[in-house]
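Student: Could you have a look at this structure, given as structure tokens, before my questions?
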Amino acid sequence: MLGGMQATTAIPEIEFQDVSYRVAGTQVLSGFNLQVQSGETLVLLGRSGSGKTTLLKLVNRLLTPSSGDIRVKGLSNAKADVIGLRRSIGYVIQDVGLFPHFTVERNIGLVPRIGGWPEDRIRARVQELLQLVGLAADLASRYPHQLSGGQRQRVGVARALAADPEILLMDEPFGALDPLTRDELQREFLALQQRLHKTVVFVTHDLREALRLGTRIALMEAGRLVTVLTPREFLQSSDPLASAYVRAFGEGLESAANRGTS
Amino acid sequence: MNVFRYIWQNQGQVLELTLEHLRLVGFSTLFAMLAGIPLGIVIARRPRWNKPVLASANIIQTIPSLALFGFLLPVPWLGERSERLAILALTLYALLPIIRNTYTGIRGVDPAVVEAGRGMGLTESQLLFQVELPLAVSVILSGVRVAVVISVGLATIAAAIGAGGLGEFIFRGLAMVDNRVILAGAIPAAVLALTADFGVGWLERRMQTR
Ligand SMILES: Nc1ncnc2c1ncn2[C@@H]1O[C@H](COP(=O)(O)OP(=O)(O)OP(=O)(O)O)[C@@H](O)[C@H]1O
Ligand SMILES: [Mg+2]
């Protein structure tokens, strides 16, 4: 369980090697180098438009880099079989993207189903996952439009976990939720991660979430990696951008506290 | 003088011509779907082909129907049997709404859903058959509905080249200057159009995904 320390010598689970991505005349990412170790939760933190989603899509090859290489488990993903690669990586997309014509059960069971699992095993797996993400079993027969936003996001997470992938890409999976539900989901994520030890790349622009969930935080700005820090290092960092985040975060709390006393 | 009495007295022929009419409409719609839906899928995938394909279907639609029947008459294998010819002409007219709606239906699927499917490792054909087509089906059907209603009307002109159908009454009535005879063709045709409109519309609503 405390195996994270030995990871320094192992092959990184995901590795970005000098990756650049250009589209429609915009340089979205440039000279990006980063390693994600097995079993860690790497948080990508950065403001809107800094290239976080683009980075995730390069991992499962929804996008192809203009230059540089991305290796998954040591294998360049330009050489991997794309369909197999994607099925081995769980992906929670920013807009959830549940299939509106499928029930919750079919949404979650899709990857196992196309992977040829027998029906009864799929059904059992769906029930197990619903429980894992804190949803009632009888939600299985509902359609996405019959769920609340928070329930939909949970289904999105369950769907990504369905075929038990070792890698999870999560693009603001808890965005657009009220703070209490968000807190609850974060807590469940931590509990889950303690059991499952997936390699997770987690996108957020919320510092509190990054500090809480990340083993390391990769700070991005305008398509570049600024720095990679542990949560503790982040709070003490002298990096101007990192300290700007911390300041903004602290000021929010402070001004609220001040208003309370006056 | 009563139209309905006339129809009643000639019920055998009305029924026969109605069935002929249905054959013309049914086959042409079927062929238009077989050609139009794949074409719509192709242009949804390759936007570069979108303009030429839709423009061609559009041009066909602007040819006056009588002229189109006339153009096709000299075509060897077709000209011999006017029914085939009529079906071909009707098929060409039905293409545009079907191609266009297939295209719009597929393009209208939420990009987030398509991206989720692709990101989960669906192959292109799994994506098409399990996600895009099911989500586009009600839009496609509404194109089919338009095509059917147009066909029912246009098929009356097929009688001009001897392909039969309810148009026979209409042309005969025009020649005889007898409104009863015209209406004996026009009323069943209108009923057919309304029924088809309602029937396909019902299917469309049933297929509607939330
Ligand atoms: N297809 C495209 N054409 C042009 N620009 C693009 C394209 N895709 C992405 N971009 C640009 O690349 C930049 C990075 O986009 P990306 O979606 O990765 O940002 P993000 O960090 O995920 O932002 P957010 O937090 O708002 O989701 C943005 O400025 C965006 O406008
Ligand atoms: Mg994003």
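Student: Buried (at least 20 other Cβ atoms within 10 Å of the Cβ) and either within 16 Å of ligand 2 (Cβ to nearest atom) or of a type outside the set (Lys, Arg) (or both): is that true of residue A:160 in this structure?
Tutor: In short, yes.
Student: Which condition number does residue A:97 fail, the rest of (1) out of contact with any Gly (no Cβ under 9 Å at 6 or more places or on another chain); (2) closer than 28 Å to residue B:127 by Cα; (3) within 16 Å of ligand 1 (Cβ to nearest atom) being met?
Tutor: (1)
Student: What tally of residues in region A:11-64 results from selecting those that are away from ligand 1 (no atom under 15 Å from the Cβ) and farther than 14 Å from residue A:169 by Cβ?
Tutor: The number of residues fulfilling the criteria is 11.
Student: Mind telling me which of the residues B:173, B:162, B:185, B:167 ends up being buried (at least 24 other Cβ atoms within 10 Å of the Cβ) and more than 19 Å from the chain's Cα centre (by Cα)?
Tutor: Within the list B:173, B:162, B:185, B:167, the selection yields B:185.
Student: Something else now. In contact with a helix residue (DSSP H, G or I) (Cβ under 9 Å, 6 or more places away or on another chain), closer than 25 Å to residue A:84 by Cα and open to solvent by 20 Å² or more (accessible area, probe 1.4 Å): is that true of residue A:121 in this structure?
Tutor: Yes.
Student: With A:151, A:186, A:194 as the choices, which residue is more than 16 Å from ligand 2 (Cβ to nearest atom) and open to solvent by 60 Å² or more (accessible area, probe 1.4 Å)?
Tutor: A:194
Student: Could you say whether any residue in region A:145-161 is at pLDDT 90 or above, in contact with a strand residue (DSSP E or B) (Cβ under 9 Å, 6 or more places away or on another chain) and either small (Gly, Ala, Ser) or under 22 Å from residue A:235 (Cβ atoms) (or both)?
Tutor: Yes, the conditions are met somewhere in region A:145-161.
Student: Hey, another quick one. For the subset of region A:36-63 comprising residues that are more than 10 Å from ligand 2 (Cβ to nearest atom) and over 15 Å from the mean Cα position of the chain (by Cα), which member is nearest to residue A:202 (Cα to Cα)?
Tutor: A:47
Student: In the set B:190, B:184, which member is farther than 30 Å from residue A:106 by Cβ, free of Cβ contacts under 8 Å to residues at least 60 places away in the same chain, out of contact with any Asp or Glu (no Cβ under 6 Å at 6 or more places or on another chain) and among the small types (Gly, Ala, Ser)?
Tutor: Result: B:190 is the single residue among B:190, B:184 that is farther than 30 Å from residue A:106 by Cβ, free of Cβ contacts under 8 Å to residues at least 60 places away in the same chain, out of contact with any Asp or Glu (no Cβ under 6 Å at 6 or more places or on another chain) and among the small types (Gly, Ala, Ser).
Student: Report, by residue number, each residue of region A:72-90 that is within 13 Å of another protein chain (Cβ to nearest Cβ), touching a Pro at 6+ places or on another chain (Cβ under 9 Å) and either more than 20 Å from residue A:164 (Cβ to Cβ) or open to solvent by 30 Å² or more (accessible area, probe 1.4 Å) (or both).
Tutor: Hits for region A:72-90 are A:87, A:88.
The values are calculated or read from the model by the stated rules, or taken from the named source; none is laboratory data. Every value quoted in this text rests on a predicted model; they were computed, and no experiment measured them. So basically every Cβ, Gly included, is an ideal-geometry build from the backbone, and we count neighbours across all protein chains shown. Areas reflect the complete protein model, heavy atoms only, side chains present, ligands, DNA and RNA absent. Shrake-Rupley method; radii C 1.70, N 1.55, O 1.52, S 1.80 Å.
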